[in-house]
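Take this structure, written in structure tokens, and hold onto it; I'll ask about it next.
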Amino acid sequence: MGKLSEAIVALNKERVLGAVKAGIKSNTDPIQLIEEAREGLERVGEEFEKGNYFLMELMRAAQIFKEAASLINPKIQECYEDVTMKGKVLIGTVSGDVHDLGKGIVATLLKCRGFEVIDLGVDIPEQVFVEKIKEHDPQVVGMSGLLTTSIPVMGKTVKAIEEAGLRGRVKVIVGGGVVGEVPTSDIGVDHATSNANEGIRVIEDWMKKE
Amino acid sequence: MKESLSRYERIEAAWNLEEADRVPVSPLNCYILAYQGGISIREMFHEPEKFTEAVVKAREKIGEGDQEDPNITTLDHLSLRPKSGWDQVTLDWRIWDQFPPEGNIPSFFEKCIIEDYDDVMERGFSTLLFNKKIGKDVFNRSLEDFLYYEFEYPEIYAKAWRKFVEEHEVPLIMGGRATIPFELVLYYRGFAKFVQDIFEQPDKVKDMCEFVLEHEILNALKQAMIMGAGEVPGAEKIFFQAGVVGPPYISPEVFEEFVWPTLKKGVDMIVKRGFKAHVHTDGDMTPVLPVLKDITKGLPKGKVLLDFEKTDMKKAKEVLGDKVCIWGNVPASLLCYGTPTEVEEYCQKLINDCAEGGGFILATECETPWNAKPENVRVMIDSAIKYGQY
């Protein structure tokens with residue numbers, strides 16, 4: 001692991017930005033820089049899943065990554081004009097639930113890990129998910145919810161996606177609150193979790209298989 | 001089976017770390033009381049007598065726990081007291097007529113309300129209370145409306161609950177409610193900005209937590225006095241909410257540095273003024289149990305309870321058993337989606353792990369969801385009788 005990754009794992013913003021600036025100054029390939037920063041972020045995710053880091057550290061690592069990326073991205077555009085994203089994820093909190101926090105964390109982490117994220121916001125009706133899938137053609141749909149009552153709503157939303165003939169085109173992941181504790185077979189999703197980093201890892205695995 | 005103690009005596013024995021006739025049981029019932037009692041959320045929030053009548057009906061369906069939560073939220077949610085309040089600031093206060101799917105229950109309101117800590121510390125909480133982001137309706141309400149909810153409604157509310165307690169001999173879970181400053185500030189600021197603050201301006205966060213504390217506790221004590229503390233059993237208890245203050249949200253180090261000082265100080269303030277502190281936690285507090293061991297330091301016995309959500313209860317009993325009464329933790333998901341047999345097995349294990357020697361109340365993790373299966377809540381209450389005899 002390089003200095004940049006190590007500094008991200010240490011959550012040391014000054015060291016991260018210092019390493020990025022030094023890399024840019026010495027003409028290091030900006031793709032290499034961003035990948036190294038991502039490696040650090042992934043490592044933070046692993047530590048989170050092991051219970052050594054907590055949600056606050058996960059969020060902090062993403063914030064530092066974003067600052068680093070804001071320095072690196074203009075260089076990438078200069079050198080490569082365009083960058084391929086890992087995939088496209090449509091995400092939203094389901095109808096009847098206005099909780100934003102968990103969804104916001106997952107959306108931020110996905111962006112940092114190189115995904116294009118379309119964040120629909122909170123309290124999103126089933127038909128809006130359907131329409132937005134048609135509009136954006138994502139590979140993955142993420143639904144969030146904190147309330148116990150959001151679980152059947154997630155099932156209804158999947159059903160609406162099925163009825164629109166779109167279910168075969170997307171993987172569906174649900175997360176938040178007690179979602180990971182409930183059997184998901186009834187609601188027809190591909191994965192359910194209460195752990196933000198596990199969700200990111202599952203989505204990355206899906207994209208690798210595509 | 002004949003019960004030799006009153007509900008309040010049973011609860012008090014647990015707080016005092018003594019064995020009662022049996023393990024007390026107290027699901028933290030909130031919206032389920034209105035739902036199973038057949039009233040709307042609007043009625044729950046505006047018609048106290050109808051609400052307490054609904055509680056009686058609900059208890060027939062979901063079983064009779066040893067206490068009920070009077071939902072202090074509804075005591076002064078439309079009052080204009082200068083409270084910093086979790087209720088005022090962090091909830092999306094749409095009061096619905098119906099439960100889902102036609103309506104909903106009030107939910108968290110997650111957005112950045114505090115732009116500048118210094119401004120709030122200098123000018124006080126009115127800057128929050130009159131913030132248009134959170135109090136749009138404040139500007140549309142009539143003077144009569146203000147006066148009613150400020151002075152009359154809380155009294156009507158407390159009177160209805162006093163009547164309920166006296167007629168049914170069911171004590172209250174709480175008389176007032178406060179929130180730990182760390183959590184309040186987190187919600188005021190929004191999670192992303194708050195995380196940044198913890199790392200970039202930690203002293204400002206600590207100052208703000210100190211600033212919030214006294215105001216928050218005193219407001220809760222005032223609520224408890226209105227509810228009849230000293231006369232109405234249970235009204236002397238302050239529900240001190242410490243939600244997202246432990247793993248997996250924050251590390252034990254952040255807990256110790258940022259949360260613990262005001263948590264301990266708040267508990268001391270409550271107890272030293274003659275009240276009792278029911279500290280409600282979410283998440284898994286297992287890694288910080290050694291710190292929580294000092295929660296009763298310098299305080300008389302029987303004044304503090306720790307309420308756990310995902311914490312390892314067996315471990316909590318081991319670490320805290322001789323210090324403080326523990327409360328928990330039948331999972332919300334089990335009450336909604338599990339079977340009565342699964343709930344019964346869970347309760348039996350909890351009782352086996354935690355009941356010995358007293359100091360344990362069988363309860364829900366966080367609250368009983370409004371859509372919990374009535375038969376599951378009932379089996380929880382029956383389990384205390386079946387497995388919890390001392």
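How far apart, in nanometres, would the label points at A:Asn52 and B:Trp96 be if each is projected 7 angstrom from Cα along the Cα-to-Cβ direction?
Result: 4.3 nm between the two label points.
Let me confirm one metric for peptide A:144-152, namely the mean number of other chain beta-carbon atoms within 10 Å of its residues' beta-carbons.
4
With a sphere of radius 9 Å drawn around the Cβ of B:Ile226, what net charge do the other residues whose Cβ falls strictly inside it have (Lys, Arg +1; Asp, Glu -1)? Please list the in-between numbers first.
Working: positive: B:Lys222; negative: B:Asp76, B:Glu155.
So the environment of B:Ile226 carries a net charge of -1.
Take the Cα gyration tensor of the stretch A:3-80, multiply each eigenvalue by 5, square-root it, and list the three semi-axes largest first, rounded to whole angstrom. Kindly include the intermediate steps, with their values, before the conclusion.
Details: eigenvalues 108, 24, 20 Å².
Values for the stretch A:3-80, descending: 23, 11, 10 Å.
Okay, moving on. Let me know the charge dipole size of the stretch A:3-80 about its Cα centre in debye, to the nearest 20, where only the beta-carbon of Lys, Arg (+1) and Asp, Glu (-1) is charged.
Values: 11 positive and 13 negative charges, 64 e Å.
Dipole of the stretch A:3-80, to the nearest 20 debye: 300 debye.
Also, I was wondering about something else. What number do you get for the stretch A:104-191 when its Cα radius of gyration is normalised by 2.2 N^0.38 Å, N = residues?
Scaled against compact globular proteins, the figure is 1.02.
Enumerate the amide H contacts of B:Leu28 below 5 Å, restricted to partners 5 or more residues apart or on another chain; note that Pro and chain-start residues carry no placed amide H.
So B:Leu28 has HN proximity to B:Thr364, B:Thr368.
Follow-up. Tell me, how many Å apart are the Cα centres for the stretch A:131-173 and for the stretch B:252-326?
After rounding, the separation between the Cα centres reads 41 Å.
Continuing with the same structure: Taking the Cα centre of chain B as origin, work out the dipole magnitude from +1 charges on Lys and Arg Cβ and -1 charges on Asp and Glu Cβ, in debye rounded to 20.
Dipole of chain B, to the nearest 20 debye: 240 debye.
If the elastic network links every pair of Cα atoms under 10 Å, which of B:Pro181, B:Pro27, B:Pro340 fluctuates the most in the Gaussian network model of chain B?
With Cα springs under 10 Å in chain B, the top fluctuation among B:Pro181, B:Pro27, B:Pro340 is at B:Pro340.
Sort all Cα-Cα distances of the stretch B:234-372 into consecutive 5 angstrom bins from zero, then give the percent of pairs in each bin up to the one containing the longest distance.
2, 10, 20, 22, 21, 14, 7, 3, 1
While we're here: Determine the sum of side-chain charges near A:Glu49: Lys and Arg each +1, Asp and Glu each -1, restricted to other residues whose C-beta is under 10 angstrom from that of A:Glu49.
Residues near A:Glu49 contribute -1 overall.
What average count of beta carbons from other chains do you get within 10 Å of the Cβ of residues in A:50-62?
Mean partner shielding for this stretch: 5.
Got a sec to turn the phi values of the stretch B:242-254 into Karplus ³J(HN,Hα) couplings, 6.51 cos²θ - 1.76 cosθ + 1.60 with θ = phi - 60°, whole Hz, x for Gly and Pro?
In residue order, the calculated couplings are 10, x, 8, 10, x, x, x, 6, 10, 7, x, 5, 5 Hz.
Could you give each residue of the stretch B:22-31 its phi-based ³J(HN,Hα) in whole Hz, using Karplus coefficients 6.51, -1.76, 1.60 with θ = phi - 60°, and x for Gly or Pro?
Per residue, the Karplus-derived 3J(HN,Hα) values read 8, 5, x, 10, 8, x, 7, 7, 10, 5 Hz.
Also, I was wondering about something else. Please determine, in degrees from 0 to 90 and to the nearest 10, the orientation of helix A:196-209 with respect to the longest principal axis defined by the Cα atoms of chain A, where the helix direction is its Cα long axis.
For A:196-209 against chain A, the angle is about 90 degrees.
Related question: Would you tell me the mean number of C-beta atoms belonging to other protein chains that fall within 10 Å of each C-beta in B:187-196, as a whole number?
Mean shielding count: 4.
For the stretch B:176-222, what is the convex hull (Cα atoms) projected area averaged across all directions, in square nanometres?
Approximately 2.9 nm², given one-decimal rounding.
Once you've got the GNM for chain B with C-alpha springs shorter than 10 Å, pick whichever of B:Thr262, B:Thr52, B:Thr339 has the biggest mean-square fluctuation.
B:Thr339
How far apart, in nm, are two points set 7 Å out from the Cα along the Cα-to-Cβ line at A:Glu135 and at B:Lys315?
4.6
Same structure again: Give the Kirkwood hydrodynamic radius (Å, one decimal) of the stretch A:1-156, defined as one over the mean of 1/r across all pairs of different Cα atoms.
16.8
What translational diffusion coefficient, to the nearest whole µm²/s, does the protein assembly as shown have by Stokes-Einstein, given a Kirkwood radius computed over alpha-carbon pairs, a temperature of 4 °C and 1.567 mPa s viscosity?
For these conditions, the coefficient is 51 µm²/s.
So for chain B, considering every pair of alpha-carbon atoms, how many percent are separated by more than 39 Å?
Within chain B, distances greater than 39 Å cover 12 percent of Cα pairs.
A further question follows. Of B:Val343, A:Leu33, B:Leu75, which is farthest towards the positive pole of the protein assembly as shown's charge dipole, taken about the Cα centre with +1 and -1 on the beta-carbons of Lys, Arg and Asp, Glu respectively?
Going by the charge dipole, the pick is A:Leu33.
Okay, moving on. Can you give the three extents of the C-alpha atoms in the stretch A:64-210 along their principal axes, from longest to shortest, in whole Å?
Per principal axis, max minus min of the Cα coordinates gives 48, 30, 26 Å.
In the stretch A:33-69, whose amide N lies under 12 Å from the spot 7 Å out along Cα-to-Cβ of A:Asn195? List them in ranges.
Those under the cut-off are A:45-53.
I need the per residue convex hull volume for the stretch B:198-258, using only the alpha carbons, in cubic angstrom as a whole number.
Hull volume normalised by residue count: 91 Å³.
Something else now. What list of ³J(HN,Hα) values in whole Hz, one per residue of the stretch B:34-43 in order, does the Karplus curve 6.51 cos²θ - 1.76 cosθ + 1.60 (θ = phi - 60°) give from phi, with Gly and Pro shown as x?
With coefficients 6.51, -1.76 and 1.60, one gets 5, 4, 6, x, x, 10, 7, 5, 4, 5 Hz.
I would also like to ask the following. Around B:Gln389, which amide H atoms from residues at least 5 apart in sequence, or from another chain, sit under 5 Å from its own amide H, with H modelled in the peptide plane?
Those lying under 5 Å, H to H, from B:Gln389 are B:Val23.
A:Lys21: which lysines have alpha carbons under 26 Å from its alpha carbon, excluding same-chain residues fewer than 8 sequence positions away?
A:Lys3, A:Lys13, A:Lys66, A:Lys75, A:Lys86, A:Lys111, B:Lys193
A further question on this structure: Express the carbon and sulfur contribution to the solvent-accessible surface of chain B as a percent, rounded to the nearest whole number, probe 1.4 angstrom.
Ligands and nucleic acids excluded, carbon and sulfur reach 50 percent.
Let me ask something else about it. Enumerate the amide H contacts of A:Ile124 below 5 Å, restricted to partners 5 or more residues apart or on another chain; note that Pro and chain-start residues carry no placed amide H.
A:Thr93, A:Val94, A:Ser95, A:Gly96, A:Asp97
Another question, if that's okay. Angle, helix A:30-50 long axis vs. longest principal axis of chain A, Cα atoms, 0 to 90°, nearest 10?
Between the helix axis and the principal axis of chain A, the angle is about 60 degrees.
Normalising by the residue count of the stretch A:3-80, find the relative contact order in percent from Cα pairs under 8 Å and 6+ residues apart.
That works out to 40 percent.
Here is a follow-up. Can you list the GluC sites (Glu not before Pro) in the stretch B:289-390 that are in a DSSP coil and have 15 or fewer other beta carbons within 10 angstrom?
Here the sparse-neighbourhood loop sites are B:Glu356.
Pop a pseudo-label 7 angstrom from the Cα along the beta-carbon direction at both B:Phe151 and B:Lys301 and give the gap in nm to one decimal.
4.7
Now, a different point. Along the charge dipole of the stretch B:7-387, which of B:Gly37, B:Gly124, B:Trp370 sits closest to the positive end, that is, farthest toward it, with unit charges on the beta carbon of Lys, Arg, Asp and Glu (+1, +1, -1, -1)?
Working it through, the farthest residue towards the positive pole turns out to be B:Gly124.
The values are calculated or read from the model by the stated rules, or taken from the named source; none is laboratory data. On a predicted model such as this, the values are computed, not experimentally measured, just so you know. Cβ sites come from the backbone with ideal geometry, for glycine too, and all protein chains shown count toward neighbours. Accessible surface areas use protein heavy atoms only, side chains included; no ligands, DNA or RNA. Shrake-Rupley method; radii C 1.70, N 1.55, O 1.52, S 1.80 Å.
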